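Shown next, in structure tokens, is the structure this report addresses.
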2 protein chains.
Amino acid sequence: MEGKIETLWNEVRELNLGTSGDLDRLDSPPTPLQFLRDFVSQNKPCIISNATNHWPALTRWTSDSYLTSALSSSLVSLHLTPHGRADSLVPSPSSSLCFASAHVQRTPFPEALRLIKNDASFVAYAQQQNNCFQSEYSPLAADCDPHIPFATEALGCRPEAVNMWIGEERSTTSFHKDHYENLYAVVTGQKHFLLLPPTDVHRMYIREYPAAQYRHSPVTGEFELEMESPARPVPWSSVDPYPAPEDREEQLKKFPLFFNGPRPFRCTINPGEMLYLPSMWFHHVRQSPDSRGRTIAVNYWYDMQFDIKYAYFNFLQSIQCASIESQMLAETVQEDFDSDSPEKTEDE
Amino acid sequence: MEGKIETLWNEVRELNLGTSGDLDRLDSPPTPLQFLRDFVSQNKPCIISNATNHWPALTRWTSDSYLTSALSSSLVSLHLTPHGRADSLVPSPSSSLCFASAHVQRTPFPEALRLIKNDASFVAYAQQQNNCFQSEYSPLAADCDPHIPFATEALGCRPEAVNMWIGEERSTTSFHKDHYENLYAVVTGQKHFLLLPPTDVHRMYIREYPAAQYRHSPVTGEFELEMESPARPVPWSSVDPYPAPEDREEQLKKFPLFFNGPRPFRCTINPGEMLYLPSMWFHHVRQSPDSRGRTIAVNYWYDMQFDIKYAYFNFLQSIQCASIESQMLAETVQEDFDSDSPEKTEDE
């Protein structure tokens with residue numbers, strides 16, 4: 001079975017996605033037909049330039065005073081973590097890995113903006129994937145388009161959610177997929193994506209981790225990691241594509257299908273550019289800040305079609321890849337053993 | 001593995017295709033965007049009415065004198081078989097099944113038309129899947145559109161081939177798939193399709209059969225079946241969805257995944273209607289004649305995209321379904337046994 005799954009990884013690249021690891025680039029927004037035919041229907045990403053040149057955001061949002069003045073009385077959702085990794089795997093109090101969500105606090109925007117800087121003792125990321133651009137950030141509505149015209153016409157609906165992301169260098173988003181067609185527009189700074197097609201699901205080593213929540217004490221400034229009770233298992237990718245140098249060898253051994261398989265697609269999205277990130281693609285996101293230390297982006301989630309591609313994905317995911325199973329089993333035994341060892345240090 | 005494949009058959013129906021076995025119907029031609037979004041991208045068939053109302057063919061082709069006069073000096077490819085089943089499985093001279101192609105002869109059109117009638121001692125089918133409408137039948141070009149406008153715009157290309165089909169009741173086309181997006185327009189008579197999505201590939205029991213060719217002697221009026229030499233194996237579906245009553249029980253036992261799985265999608269395409277038959281769908285075709293005993297249709301083949309859907313299909317097909325393997329093995333043993341028995345009668 002491994003050989004057949006590996007053939008699938010290679011075939012989708014050779015037939016359709018390309019083997020270079022680079023994405024198609026369009027110098028201007030596609031027509032709705034072109035977008036649908038060449039990208040959405042084929043579940044194929046691309047980078048689009050010159051689609052947002054007319055957005056006032058591209059100039060206005062480089063000014064802190066503009067933003068704080070426009071949002072002077074707005075409360076925004078601020079995600080706090082000790083290290084910038086929210087919705088990611090971290091060692092739980094009992095030392096095995098858990099799936100940790102950020103401490104979220106509704107914060108007056110001017111205060112939030114002050115906290116999003118890379119010299120703070122914790123990492124703040126203003127974001128909320130609940131259509132926040134059109135609610136918390138509504139005073140900025142005129143600075144961007146409320147939808148992406150070519151996508152709205154192609155997909156036949158308005159976006160289900162438009163989300164704002166204001167972060168700094170240390171915030172990263174771990175590998176995951178969304179059940180949406182995603183148009184991701186960068187306004188200031190840069191976003192760096194690693195992408196894997198849905199065919200590569202076994203390379204993500206998805207397994208269940210218990211959910212946990214960071215709690216941040218405003219008094220002590222300390223974080224506490226609280227396991228959800230009753231325990232709630234969250235299926236999540238085990239792979240960190242950028243392990244610390246000292247962990248690299250171990251990670252390569254643990255996740256050989258990821259590290260030894262075809263290289264992920266890579267791209268950097270600059271201000272004024274937009275990524276079409278197709279539904280069900282696994283993505284990992286880092287960011288580089290602008291001169292003020294921040295990256296600002298707006299993304300548009302459109303409903304996906306649950307069609308034959310989705311049914312095929314579920315079938316593929318249901319198939320056990322014996323080398324992964326044995327790998328995971330070996331790892332579990334190793335972890336159980338390690339958890340008795342006081343010297344153990346986890347890699348996150 | 002069988003359970004997972006069966007889940008796939010059901011899921012693609014529950015999510016996307018519907019479970020009734022009926023196809024979506026459109027009362028007018030879709031816009032290119034709608035066609036691409038709702039059907040091609042989703043690899044989902046539909047029946048379209050009122051897309052060919054303006055074709056002179058719909059009235060002109062009901063007249064034999066019009067056709068013979070327009071094509072009085074044309075040679076057309078006429079496919080001759082003893083029973084109407086070309087490109088299908090029939091007993092070879094050694095009694096095991098082979099894949100038999102028709103005897104093809106270039107025939108003056110007026111003579112061809114005389115031969116296409118259900119009281120002849122053999123079955124004649126005027127067709128050739130090599131863009132014959134635009135070559136052999138070019139005098140009729142003005143009677144139909146040279147392409148289907150909404151499809152050409154949606155798919156971004158002109159058809160790769162436009163084919164003419166003039167047949168009678170006894171001609172059937174056995175289960176197979178094409179690597180094309182297919183728009184199939186009926187002009188006179190009716191076509192009856194059975195359709196299975198590409199996800200159901202294991203239900204087709206595709207195995208290799210040796211290629212053979214009918215030779216028709218104009219002197220004796222007899223057919224001879226000649227095996228290709230050297231032997232050429234052709235992968236083909238083993239399933240006849242309409243076995244003779246006396247063979248039914250045996251066929252049900254041989255091909256339980258077909259006969260006991262979800263019912264195929266069924267449709268009848270009437271004059272003036274068009275079927276969108278998505279690439280890679282398995283289809284079986286029968287026809288009912290008009291008052292002159294004939295069915296005439298024109299189909300448009302557009303290039304398909306070899307994208308993630310195609311890669312998923314190849315992966316699915318590469319997976320062995322143990323119950324099929326054991327079934328096939330049992331069947332082979334049975335056949336070997338039967339071939340020693342003088343009472344043996346094959347079902348075709």
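In order along segment B:200-217, the phi-based Karplus estimate (6.51 cos²θ - 1.76 cosθ + 1.60, θ = phi - 60°) of 3J(HN,Hα) comes to 8, 3, 5, 6, 8, 6, 6, 9, 8, 10, x, 6, 9, 9, 6, 10, 10, 8 Hz; Gly and Pro are listed as x. Inter-copy label distances for B:P56: 6.0 nm (label point placed 7 Å from Cα along Cα→Cβ; shortest first). With its label point put 7 Å out from Cα toward Cβ, B:G293 sits 9.0 nm from the same residue's point in the other copies, in order from shortest.
On the principal axes of its alpha carbon atoms, the protein assembly as shown extends 102, 58, 39 Å, with the longest extent given first. Among the GluC sites (Glu not before Pro) within segment B:218-282, those in coil by DSSP and having at most 15 neighbouring Cβ atoms inside 10 Å are B:E222, B:E228. Between B and A, roughly 3300 Å² of accessible area is buried in total, ligands, DNA and RNA not counted and the probe set to 1.4 Å.
Per residue of chain A, the DSSP helices (runs of n ≥ 4 H) give a summed -39500 (n - 2.57) that works out to -6500 deg cm²/dmol at 222 nm. Taking amide H positions as modeled 1.01 Å from N, with prolines and chain starts lacking one, the residues under 5 Å from A:L78 and 5 or more places away or on another chain are A:Q105, A:R106, A:T107.
Can you work out the base-10 log of I(q)/I(0) for segment B:136-288 at q = 0.13 1/Å, using the Debye formula on its C-alpha atoms alone? The Debye formula, applied to the Cα set alone, gives -0.81. Accessible area of B:Y180 (1.4 Å probe, protein heavy atoms only, ligands and nucleic acids ignored): about 60 Å². The length gained on full extension between A:L15 and A:A244, counted as 0.36 nm times the residue separation minus their Cα-Cα distance, comes to 79.0 nm. With a 10 Å cut-off around each Cβ of A:8-17, the average count of Cβ atoms from other chains is 5.
Stretching B:D27 away from B:A141 to a fully extended chain increases their span by 38.5 nm, per 0.36 nm per residue minus the current alpha-carbon distance. Note on chain B: Cα-Cα pairs beyond 39 Å make up 15% of the total pair count.
For B:E273, the amide hydrogen comes within under 5 Å of the amide hydrogens of B:V186, counting only partners 5 or more places away or on other chains and with H modelled in the peptide plane. Here each label is just a point 7 Å from Cα along the line to Cβ, and for B:D119 and B:Q134 those points are 4.0 nm apart.
Of the residues A:I308, A:I296, A:I269, the one that moves most in a GNM of chain A with alpha-carbon contacts below 10 Å is A:I308. Mean partner shielding of peptide A:75-81, defined as the number of other chain Cβ atoms within 10 Å of each residue Cβ, is 0.
Within chain A, what whole-number % of the accessible surface is contributed by carbon and sulfur, with the 1.4 Å probe and all protein chains included in the calculation? Working shown, then result.
On the way: 7080 of 14310 Å².
Heavy-atom surface of chain A belonging to carbon and sulfur, 1.4 Å probe: 50 percent.
With protein chains left intact and a 1.4 Å probe, residues in the protein assembly as shown average 41 Å² of accessible area per residue. Seen from all directions on average, segment B:140-225 presents a Cα convex hull projection of 9.2 nm². Each other copy holds its own label point for B:S73; taking that point as 7 Å from Cα along Cα to Cβ, the gaps run 8.8 nm, nearest first. Listed cross-link partners A:K177/B:K309; A:K117/A:K309; A:K191/A:K309; A:K177/A:K253 are compared with a 30 Å cut-off, the Cα-Cα value being larger for A:K117/A:K309. Interface burial in segment B:172-207 reaches 20 Å² or more for B:T199, comparing the full protein assembly with the chain by itself; accessible area from heavy atoms with a 1.4 Å probe. Taking the charge dipole of segment B:1-106 about its Cα centre, with +1 at Lys and Arg Cβ atoms and -1 at Asp and Glu Cβ atoms, the residue from B:V90, B:S63, B:T31 reaching farthest to the positive side is B:S63.
Dipole check for the protein assembly as shown: with +1 at the C-beta of Lys and Arg, -1 at the C-beta of Asp and Glu, and the Cα centre as origin, the magnitude is about 1800 Debye.
Peptide B:30-39 shows a mean partner chain C-beta count of 4 within 10 Å per residue C-beta. Applied to segment B:192-198, the Karplus parametrisation 6.51 cos²θ - 1.76 cosθ + 1.60 on θ = phi - 60° returns per-residue 3J(HN,Hα) values of 10, 10, 10, 10, 10, x, x Hz, with x for Gly and Pro. For segment A:177-223, the Kirkwood hydrodynamic radius from C-alpha pairs, put into Stokes-Einstein at 4 °C and a viscosity of 1.567 mPa s, yields a diffusion coefficient of 84 µm² per second.
Remark: segment B:255-265, residue by residue, has Karplus-estimated 3J(HN,Hα) of 10, x, 5, 6, 6, 9, x, x, 4, x, 5 Hz, where x stands for each Gly or Pro and the curve is 6.51 cos²θ - 1.76 cosθ + 1.60 at θ = phi - 60°.
Which one, A:F193, A:P245, A:Y214, is farthest towards the positive end of the dipole of segment A:187-273 when Lys and Arg carry +1 and Asp and Glu -1 on their Cβ? So the residue we want is A:F193. For chain A, a crude dipole built from +1 on the beta carbon of Lys and Arg and -1 on the beta carbon of Asp and Glu, taken about the Cα centre, is about 920 debye to the nearest 20. The value of relative contact order for chain B, using C-alpha pairs under 8 Å at least six residues apart, is 25 percent.
Can you give the FRET efficiency to the nearest 0.05 for A:N50 and B:F259, using r as the Cβ-Cβ distance and R₀ = 56 Å? All intermediate terms of the calculation are to be shown ahead of the outcome.
Working: r = 56 Å, r/R0 = 1.01.
That gives a FRET efficiency of 0.50.
The values are calculated or read from the model by the stated rules, or taken from the named source; none is laboratory data. On a predicted model such as this, the values are computed, not experimentally measured, just so you know. For neighbour counting, all protein chains shown are included, and Cβ atoms are generated from backbone atoms with ideal geometry for every residue, glycine included. All accessible areas refer to the heavy atoms of the entire protein, side chains included, with ligands and DNA or RNA removed. Shrake-Rupley method; radii C 1.70, N 1.55, O 1.52, S 1.80 Å.
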